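> Structure below; questions to follow.
The values are calculated or read from the model by the stated rules, or taken from the named source; none is laboratory data. All values reported here derive from a predicted model rather than from experimental measurement. Virtual Cβ from ideal backbone geometry, glycine too; neighbours counted across all protein chains shown.
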Amino acid sequence: MSNDEARNNEPLNKDALLEVRNRIDEIDQQILSLLQERLGCAKKIGQLKSKDGMPKWDPQRERQIFERLHKTNKGTFPEASLDSIFQEIITTCRLSQKKVEVAYLGPEATFSNLAGVEYFGHSAVYRPMETIEDVFIETERERVHYGIVPVENSIEGAVTSTLDSFMKYSVKICGELNLDISHHLVNQSGDINDIKKVISHPQPLAQCRQWLKKNLPEIKTQTVFSTAQASMMAAEDPTLAAIASSMAVKTYHLHTVVKGIEDYSGNTTRFILIGQTSPKRSGYDKTSLLVGLLDRPGALHNSLSILADHGINLTRIESRPLKGEAGKYLFFLDMEGHMEDKNIKEGCKKLKRGCSYYVWLGSYPRAKS
């Protein structure tokens with residue numbers, strides 16, 4: 001018998017195990033006490049801010065907290081888990097000042113719902129909506145504090161219903177989130193042989209098109225309003241399979257047939273948070289505009305040149321047809337920086353002079369890479 005085998009056969013030192021477990025209990029109690037103390041401090045800050053009329057959300061302060069934590073941690077605790085834990089703590093403390101209601105494309109367990117939880121944690125109140133446009137309506141009419149909507153996917157491109165809603169409703173972008181998307185094929189039994197039809201939202205079906213063609217060539221597909229609606233239908237009909245999120249599997253008590261059936265890895269959806277006002281400068285921001293250009297030669301080139309001359313980095317440009325006016329378009333522009341930055345403010349002011357239509361959609365903290 002080797003030394004390693006001998007050590008593996010040694011009896012468990014129960015006293016040593018109990019000692020470590022007792023220490024863990026002591027640490028847990030200390031963590032709880034500190035969390036309670038932090039919550040009390042957050043409530044006090046909320047009272048002070050209310051007295052002075054200051055906004056409750058300070059994105060620059062939150063960014064500083066995460067930078068300090070990463071610097072102190074030095075990689076000892078897994079950084080992704082560290083971010084997740086402290087995001088939940090920070091959000092819970094902030095929401096203790098005032099409960100936040102968030103509208104999203106429902107029903108429960110859509111990727112929009114998952115994005116909301118990633119952004120606000122589990123302490124917010126989530127309101128499912130039937131359409132993306134409904135999210136805009138509820139937010140504009142202040143029946144909820146925020147809405148969260150998808151704006152673009154790394155594979156399928158722009159979410160046109162979101163862009164079109166910006167042309168109809170008066171809201172501001174308050175933040176953004178990049179969510180890694182993994183699609184699972186799910187049904188009641190977990191058996192692929194039970195599947196007679198695959199249902200989902202049009203984008204997941206498109207993102208899994210090749211997998212479905214290769215592995216279920218004879219099975220028909222059907223589009224529905226959301227991945228969660230597909231999951232609800234699959235939970236009621238054993239012949240249906242849904243393409244949905246891991247959250248939907250738990251919510252609707254389904255079984256996974258195959259995990260990760262998307263055709264391309266690195267599938268990411270950018271979600272944006274909409275509300276009544278944009279936050280103050282954080283130091284790592286993005287600004288979005290909706291503009292219409294004057295009908296003259298070189299209008300787009302001249303507009304982009306204005307931004308370049310002011311050292312503004314344009315990260316995205318997307319055009320949408322102006323409803324009812326053939327041949328006319330509005331352009332969605334995303335750029336690095338905040339409207340409070342001198343170059344952004346001056347560049348956009350000059351850009352506005354050459355526009356037939358100009359709306360500042362908001363300046364907000366950029367998503368983490």
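> Is it fair to say S33 is among the hydroxyl-bearing types (S, T, Y), surrounded by 10 or more Cβ atoms within 10 Å (Cβ to Cβ), part of a helix (DSSP H, G or I) and at pLDDT 85 or above?
When the stated conditions are applied, S33 passes them.
> From the set of residues in region 294-326 that are under 29 Å from G147 (Cα atoms) and in contact with a helix residue (DSSP H, G or I) (Cβ under 6 Å, 6 or more places away or on another chain), which is surrounded by the most Cβ atoms within 10 Å (Cβ to Cβ)?
Per the criteria, the residue is I312.
> Return yes when G46 is small (G, A, S), without any contact (Cβ under 8 Å) to a residue 12 or more places away in the chain and farther than 30 Å from C208 by Cα and no when it is not.
Against the criterion (small (G, A, S), without any contact (Cβ under 8 Å) to a residue 12 or more places away in the chain and farther than 30 Å from C208 by Cα), G46 does not qualify.
> Of the residues D58, D83, which is within 21 Å of A367 (Cα to Cα), under 23 Å from the mean Cα position of the chain (by Cα), at pLDDT 80 or above and of a type in the set (D, E, K, R)?
Matching residue, one of D58, D83: D83.
> Of everything in region 215-229, what is at pLDDT below 85 and among the polar types (S, T, N, Q)? Give them in sequence order.
S226
Listed here are the residues, each with its yes/no results for (1) over 30 Å from L212 (Cα atoms); (2) modelled with pLDDT under 90.
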| site | (1), (2) |
| --- | --- |
| M232 | no, no |
| I243 | no, no |
| I261 | no, no |
| K286 | yes, no |
| L294 | yes, yes |
| H310 | yes, no |
| T315 | yes, no |
| P321 | yes, yes |
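> Residues in region 340-369 that are under 26 Å from Y119 (Cα atoms), of a type in the set (S, T, Y) and assigned to a strand (DSSP E or B): how many?
The qualifying residues number 2.
> Given the options T91, T162, name the one that is touching a helix residue (DSSP H, G or I) at 6+ places or on another chain (Cβ under 8 Å), in contact (Cβ under 8 Å) with a residue 40 or more places away in the chain and not assigned by TED's automatic domain parsing to the domain that holds V224.
T162
> Which of (1) farther than 30 Å from L322 by Cα; (2) crowded, with 16+ Cβ neighbours inside 10 Å; (3) not assigned by TED's automatic domain parsing to the domain that holds A42 is the odd one out, the single condition V125 does not satisfy?
(2)
> Would you check if there is a residue in region 134-143 being of a type in the set (S, T, Y) and modelled with pLDDT under 95?
no
> Which residue is nearest to P128 (Cα to Cα), if the candidates are limited to region 200-252 and must be small (G, A, S) and not in a helix (DSSP H, G or I)?
S226
> Can you name the condition, by its number, that I155 falls short on among (1) surrounded by fewer than 20 Cβ atoms within 10 Å (Cβ to Cβ); (2) not in a loop (DSSP other than H, G, I, E, B)?
Unmet for I155, out of (1) surrounded by fewer than 20 Cβ atoms within 10 Å (Cβ to Cβ); (2) not in a loop (DSSP other than H, G, I, E, B): (2).
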